[in-house]
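Nothing in this text is a laboratory measurement; each read-out follows from the coordinates by a stated rule. All values derive from a computational prediction rather than experimental measurement. Every residue, glycine as well, gets a Cβ built from its backbone with ideal geometry; the counts of neighbours run over all protein chains shown.
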Amino acid sequence: MLASPSFSARAALLAGLLLSAATPARAFLFFDFGDDQQSAREGRPMAAPIPREVVTYHGREKPGTIIVSTGERRLYYVLGDGRALRYGVGVGRPGFEWAGVHHVTNKREWPGWTPPRQMLQRRPDLPRHMDGGMDNPLGARAIYIGGTLYRIHGSNEPDTIGHAVSSGCIRMTNGDVVDLYSRVHVGAKVVVTR
């Protein structure tokens, strides 16, 4: 059984988020709780692989909508006034692509992970359940997409962001998913395009 993140790890995440609030979007810093856990524990910031930024948005979706462009490997959170916040994401690998319109049905901090039956059939070596924590593949936050097996979640593999590598879930850096989690509400529309 994995322990939940220590007080110092949570403090490092909070410090990184506070630092990011005072930093322009293109220079956003986050604390990577994946490949370089020692850096995270020591509170050393690392540059995000694909920095989040505010971009122009000319679509028809209302503020608060999440749009995932799997082809671009980007997630857009519609802000309103012709603007959206753009994040880099990892998406489903070949054979695991999907598209559709759904809604956020749940949100969890440091979520536990129970691999779906279909995944366990492909990968019987996986644990049947993993408690939340820094080693958990769902990362720091999970946003559940109703009517699907998929989530928008953090990752303990930040180098996969910008690639098609998942079993259908939308992966984000832990810093980015914490930011999105703070903005999105249960019931929000999620549009996934291919």
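On the basis of the beta-carbon distance and an R0 of 30 Å, Asp81 and Ala164 show a calculated FRET efficiency of 0.40. Here Ser182 and Arg128 are evaluated by their C-beta separation; at R0 = 30 Å the FRET efficiency comes out at 0.45. Taking trypsin sites (Lys or Arg not before Pro) across the stretch 89-157, the ones in a DSSP loop with at most 16 further Cβ atoms lying within 10 angstrom of their Cβ are Arg128. Using R0 = 22 Å, the C-beta based FRET efficiency linking Glu72 and His103 works out to 0.50. Panel order for Ser166, Ser155, Ser69, Ser182, by other beta carbons found within 10 Å of each beta carbon, from fewest to most: Ser182, Ser69, Ser166, Ser155. One decimal place: the segment Arg93-Leu120 gains 8.0 nm when fully extended, by the rule 0.36 nm per residue minus the C-alpha distance.
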